[in-house]
Amino acid sequence: MKISVQFHGILADWVGTPSARFELSDGSIYADLMQEIGRQYRQNMPNQLWDHENNAFNQKVRAFRDEKALDTTDSPLSDGEKITFLLMMAGG
């Protein structure tokens, strides 16, 4: 299955690209996507962005699909899906 990913704002700068496509096995879940993102981009990401121990973005980064948050690592993914990652920042 193919998954499209968008990294917004400074997150795109830290990751090193504003978008990417990933080829995952049928039946993949959100944790599988995190594994692949980590494999390809973790060397670019500072510790405040990427949790190297858990191989995932830290809590400041949120993933969305169809404007709904992806909150659990066991969420199933669908072929052709778009996942958007945003860095949640406080302030105004």
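Across the stretch 4-43, what is the number of residues that are touching a helix residue (DSSP H, G or I) at 6+ places or on another chain (Cβ under 6 Å) and not aromatic (Phe, Trp, Tyr)? So that I can check it myself, show each step before the final result.
Quick first cut of the stretch 4-43, residues touching a helix residue (DSSP H, G or I) at 6+ places or on another chain (Cβ under 6 Å) only: 7, 15-16, 18, 22, 24, 41.
Still in the running and not aromatic (Phe, Trp, Tyr): 15-16, 18, 24.
Result for the stretch 4-43: 4.
Considering the stretch 18-56 alone, what residues qualify as being of a type in the set (S, T, N, Q) and under 12 Å from the mean Cα position of the chain (by Cα)? Don't jump to the end; show me each part of the working.
Just the residues of the stretch 18-56 that are of a type in the set (S, T, N, Q), to begin with: 19, 25, 28, 35, 40, 43-44, 47-48, 54-55.
Ser19, Gln35, Gln40, Asn55, listed by residue number.
Among the acidic types (Asp, Glu), loosely packed, with under 11 Cβ neighbours inside 10 Å and modelled with pLDDT under 90: which single residue out of Glu67, Glu23 fits that description?
Details: Glu23 fails: modelled with pLDDT under 90.
After ruling out the rest, the residue left standing is Glu67.
Please go through the stretch 52-84 and pick out each residue that is among the hydrophobic types (A, V, I, L, M, F, W, C) and within 12 Å of Ile3 (Cβ to Cβ).
Step one: filter the stretch 52-84 for residues among the hydrophobic types (A, V, I, L, M, F, W, C), giving 56-57, 61, 63-64, 69-70, 77, 83.
Listed by number, the residues that qualify are Ala63, Leu70, Leu77, Ile83.
Is it fair to say Glu81 is closer than 18 Å to Gly9 by Cα and acidic (Asp, Glu)? Walk me through it before giving the result.
Values: closer than 18 Å to Gly9 by Cα: no; acidic (Asp, Glu): yes.
No; evaluated as a whole, the condition is false for this residue.
Within the group Leu86, Leu11, which residue is modelled with pLDDT under 95, assigned to a strand (DSSP E or B) and not polar (S, T, N, Q)?
On the way: Leu11 fails: assigned to a strand (DSSP E or B).
Going through Leu86, Leu11 in turn, the sole match is Leu86.
What pairs come out if I take residues in the stretch 35-50 that are part of a loop (DSSP other than H, G, I, E, B) and pair them with residues that are at pLDDT below 90 whose C-beta lies under 6 Å away, six or more apart or interchain?
As it stands, the answer is Met45/Trp14; Leu49/Trp14, since those pairs meet every condition given.
What pairs can you find where one residue is in the stretch 52-77 and over 19 Å from Ala12 (Cβ atoms), the other is in a loop (DSSP other than H, G, I, E, B), and their Cβ atoms are less than 7 Å apart, with a gap of 6+ or different chains?
Leu77/Met1; Leu77/Leu24; Leu77/Ser28
Looking at the stretch 37-55 only, could you name the residues that are within 19 Å of Thr72 (Cβ to Cβ) and surrounded by fewer than 18 Cβ atoms within 10 Å (Cβ to Cβ)?
Listed by number, the residues that qualify are Asp51, Glu53, Asn54, Asn55.
Of the residues that sit in the stretch 70-87 and are within 16 Å of Gly27 (Cβ to Cβ) and among the charged types (D, E, K, R), which one is surrounded by the most Cβ atoms within 10 Å (Cβ to Cβ)?
Glu81
Return the total of residues in the stretch 14-29 being in a loop (DSSP other than H, G, I, E, B) and of a type in the set (Gly, Ala, Ser).
To start, the set of residues in the stretch 14-29 that are in a loop (DSSP other than H, G, I, E, B) comprises 16-18, 24-28.
Still in the running and of a type in the set (Gly, Ala, Ser): 16, 25, 27-28.
Going through the stretch 14-29 one residue at a time, the tally reaches 4.
The values are calculated or read from the model by the stated rules, or taken from the named source; none is laboratory data. All figures in this text were calculated on a predicted structure; none of them were measured in a lab. So basically every Cβ, Gly included, is an ideal-geometry build from the backbone, and we count neighbours across all protein chains shown.
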